[in-house]
Amino acid sequence: MNTHFLHEILNPKSIAIYGANNKGTSLASIQLMNIIISGFEGKIYPIHLKLETVMGYKAYKSITEVPETPDLVIIVLPPNIVNQIFRECGEKGVKRIILISGGFREMVGDRANTFTEEISEIAKKYGIRFIGPNCLGIYNSWIYPENDKKAMNTSIWENLERNKFSIASQSGTLSSHIFFDPENLDLGLGKSISVGNEANIDIVDCLEYYKDDENTEVIGLYIEELKRGKKFLELAKEITSQKPIIAIYVGGSKAGNRALQSHTGSMAGNAKIYDAVFKETGIIKTDYVQEFLDLAMILTRGIYPKGNRIGIITNSGGPGAMVANNAEKNGLVVPEFSESLQEQLKEVLPPIASFKNPVDCAFDTNLPYFYINLPEILMKSGEIDVLIQYGVVGFQDVMDNYLKYDKISPYADFQKQDYEKTEELVHKLIQPTLKNSKRFSIPIFYVNPQNFSTFWSKKLRENGAMLFKLWDRPISCIAKICEYVDYRRKHT
């Protein structure tokens, strides 16, 4: 994909940026600072009429003064002067631009203008391909393949783990702001392209690039409208037979369509049409950002269940019943276990436990059988395809909290847990089951109602556990992924 024009935008060796200053109050300044702190190794040329330096870099009064033709130009300026900047860039030989500025196609009524048409004509004349306007730019954690601590970043204000999940979005927010709390999100990011109004580069261009990008295994889309519907259909069908696509479509309602018109000037279509398009092409549709991220997390781990039979282990009856009910409502199967499997479970479960599926252990602190023995028995049985385990609570965290109270600590016949021992315990409880999960090809989803910032939760996640706070989230994702697996099986 080194020959694709998006590869050049995502992997520049030199950047010129309009609109940045030293005050940090402009969007361009924030984007320049993002480029700096993300570890960009190339040359940076701020362009400013008055300043001699911007963020420590020598500033130039115009693109004509820059000592080379930069690979990429970023523009954050009022829309009425952008056409002049485009023309100057064209004469300089610039071929790639990211236009952040708003005030183009999204302007309606007495604020309408022809700025989009003007810059499009200039771009055509000089052979310029540009992203935007009204966007947040790009993120590429693979710009330096040998160093996963550096990225090309104009849009995300956090340091993210590198992954093979890539986004193309008509919303800058969805392409960047959803990653504001990466410590509580077990999902990295490969590439992200905020296409904005799509005056030149659109979602289809991004799909063409991601289709053959070896560092993209899962694709996420945020769609307000499709300008090239036929091409999108053809391309999506081709991609989903090899790589999953997750999509959010936001049009369809009166309020949503009205908001889109003022956001990017998009003319949204009937939601039922988009639903049909997604179903025909095997795209995994969701209406929720949290589910969008959950699906990406699961799929980037290469989890494609062999079937739709769900096994449930819980230490509380209510969540077990809700998981089972929600699973069947979503088209999954919660099989009653065979008599032989039930007899096997009876041997290890306490007398008050339930063993037909869900397996309700009630409250029991025998951690090895809860974390290791029961999952292994179900995985080996051949009667399930996916396992949900509710109640992986860190009792050490709970007990330590009790010891903070003066009315309890003098009388408690237990001590504060040593964190090193707790960490070792988590490793001993989780690793055997994760190995069995790979051995039997049965994915396991853990549910812990505790905060993700607790020590126990952190250690579960560090040991590779797919952890959720609530039980309904993984069930909905599993159902959609099972549908996708079935689609791919039929179309590969």
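The values are calculated or read from the model by the stated rules, or taken from the named source; none is laboratory data. Source: prediction; values computed, not measured. Don't worry about glycine lacking a Cβ; one is built from the backbone with ideal geometry, like all the others, and counts go over all protein chains shown.
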Query raised in the report: Is there a residue being under 30 Å from Gln450 (Cα atoms) and surrounded by fewer than 18 Cβ atoms within 10 Å (Cβ to Cβ) anywhere in region 167-176?
Result: yes
Query raised in the report: Mind checking which pairs have a first residue in region 313-333 that is closer than 15 Å to Val386 by Cα and a second that is acidic (Asp, Glu), Cβ under 6 Å, 6 or more apart or different chains?
Result: Thr314/Asp360; Gly320/Asp360; Asn326/Asp472
**Report entry** Exclusive hit being hydrophobic (A, V, I, L, M, F, W, C) and either part of a loop (DSSP other than H, G, I, E, B) or in contact with a His (Cβ under 9 Å, 6 or more places away or on another chain) (or both), set Ile239, Ile201, Ile219
**Finding:** Ile201
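Rundown of residues vs (1) touching a Cys at 6+ places or on another chain (Cβ under 8 Å); (2) surrounded by fewer than 16 Cβ atoms within 10 Å (Cβ to Cβ); (3) within 19 Å of Asn315 (Cβ to Cβ), yes/no style:
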position: Ser437; (1), (2), (3): no, no, no
position: Val447; (1), (2), (3): no, no, yes
position: Gln450; (1), (2), (3): no, no, yes
position: Ser453; (1), (2), (3): no, yes, no
position: Glu462; (1), (2), (3): no, yes, no
position: Pro474; (1), (2), (3): no, no, yes
position: Ile478; (1), (2), (3): no, no, no
position: Ile481; (1), (2), (3): no, no, no
position: Asp486; (1), (2), (3): no, yes, no
Query raised in the report: Is one or more of the residues making up region 100-114 more than 17 Å from Asp202 (Cα to Cα), buried (at least 20 other Cβ atoms within 10 Å of the Cβ) and modelled with pLDDT of 95 or more?
Result: no
Requested in this report: Could you pull out every one of the helices (runs of 4 or more DSSP H) wholly within region 280-349 that has 2 or more residues that are β-branched (Val, Ile, Thr) and under 27 Å from the mean Cα position of the chain (by Cα)?
Outcome: 289-300
Requested in this report: Could you tell me which of the residues Glu41, Glu52, Glu65 is of a type outside the set (A, V, I, L, M) and touching a residue at least 24 places away in the same chain (Cβ under 8 Å)?
Outcome: Glu41
Report task. Give the residues of region 179-209 that are under 15 Å from His7 (Cα atoms), under 15 Å from the mean Cα position of the chain (by Cα) and not charged (D, E, K, R), sorted by residue number. Result -> Gly190, Ser192, Ile193, Ser194
**Report entry** Filter result for Glu224 (touching a residue at least 24 places away in the same chain (Cβ under 8 Å), among the charged types (D, E, K, R) and crowded, with 23+ Cβ neighbours inside 10 Å)
**Finding:** yes
